[in-house]
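Below you'll find the structure, written out as structure tokens, and then a few comments.
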């Protein structure tokens, strides 16, 4: 199954919360969750009571949709987390946070993760001085991420940087909005990963 290309506001309504997939629109009165909070579809308001498996599946789908990851990719992240030493759920979320498209979004250089994924895919960013156009590239502690010289005048990046400069950035990234660059100071802690999912339910799902 390929990547979802339909209306992303439908995904937010299905999850019953804002996933911030439309950037600035999500903060306005045009947000579909605020206007029509019920799940999409003819029977959206008459859902059955959710089972334990259904709750686990819902959490996994929510995490996938927040980060824009397909099922095969997500399972590989789980396998890598399960093989590593530490709390599997936290390690899974750290892997997702380390994706280059997510880091660009966290740095405030894109309005949403889908926009960050597109900018990275078009080759507008570099890691440690080398052009990197793979959104799933995993950054490490000490890596330097910057907008490429020829891409600094792009209006989308300029507008996002101006908006990002007005809000507090995440503590595990150091961002220089003037020079459109940042550095990974360390890996994020669980408390710094503010996505609305319960990783425990995801681990239970894959452990069945």
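Here's the yes/no breakdown for (1) closer than 19 Å to residue 194 by Cβ; (2) at pLDDT 95 or above; (3) assigned by TED's automatic domain parsing to the domain that holds residue 75:
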{"position": "90", "(1), (2), (3)": "yes, yes, yes"}
{"position": "115", "(1), (2), (3)": "yes, no, no"}
{"position": "121", "(1), (2), (3)": "no, yes, no"}
{"position": "132", "(1), (2), (3)": "no, yes, no"}
{"position": "141", "(1), (2), (3)": "no, yes, no"}
{"position": "147", "(1), (2), (3)": "no, yes, no"}
{"position": "154", "(1), (2), (3)": "no, no, no"}
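Considering each of 175, 197, 127 in turn, give the residue that is touching a strand residue (DSSP E or B) at 6+ places or on another chain (Cβ under 7 Å) and modelled with pLDDT under 95. If you could, list the steps in order and put the result at the bottom.
On the way: 197 fails: touching a strand residue (DSSP E or B) at 6+ places or on another chain (Cβ under 7 Å); 127 fails: modelled with pLDDT under 95.
Among 175, 197, 127, only 175 is touching a strand residue (DSSP E or B) at 6+ places or on another chain (Cβ under 7 Å) and modelled with pLDDT under 95.
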(request) Would you mind telling me which numbered condition in (1) surrounded by 13 or more Cβ atoms within 10 Å (Cβ to Cβ); (2) at pLDDT below 95 residue 52 fails? (result) (1)
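Criterion first (in a helix (DSSP H, G or I), without any contact (Cβ under 8 Å) to a residue 24 or more places away in the chain and touching a helix residue (DSSP H, G or I) at 6+ places or on another chain (Cβ under 9 Å)) does residue 120 satisfy it? Explain how you work it out, then say what you get.
Details: in a helix (DSSP H, G or I): yes; without any contact (Cβ under 8 Å) to a residue 24 or more places away in the chain: yes; touching a helix residue (DSSP H, G or I) at 6+ places or on another chain (Cβ under 9 Å): yes.
When the stated conditions are applied, residue 120 passes them.
Based on what the data block shows, is residue 99 at pLDDT 95 or above and surrounded by 24 or more Cβ atoms within 10 Å (Cβ to Cβ)? Lay out the reasoning, then the answer.
Values: at pLDDT 95 or above: yes; surrounded by 24 or more Cβ atoms within 10 Å (Cβ to Cβ): yes.
Spelling it out, residue 99 is indeed at pLDDT 95 or above and surrounded by 24 or more Cβ atoms within 10 Å (Cβ to Cβ).
Filter the stretch 83-117 down to the residues that are part of a helix (DSSP H, G or I) and touching a residue at least 60 places away in the same chain (Cβ under 8 Å) and list them by number. Even if it seems obvious, please write down each step before you answer.
First pass over the stretch 83-117, keeping only residues part of a helix (DSSP H, G or I): 83, 88-97, 100-106, 113-117.
Passing the criteria: 88, 89, 90, 92, 93, 94, 97, 103, 106, 113, 114, 115.
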(message) Tally up the residues in the stretch 67-92 that are buried (at least 20 other Cβ atoms within 10 Å of the Cβ) and out of contact with any helix residue (DSSP H, G or I) (no Cβ under 6 Å at 6 or more places or on another chain), please.
(response) 1
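The values are calculated or read from the model by the stated rules, or taken from the named source; none is laboratory data. None of these values were measured; they are calculated from a predicted model. Cβ coordinates were reconstructed from backbone atoms using ideal geometry, including for glycine residues, and neighbour counts include every protein chain displayed.
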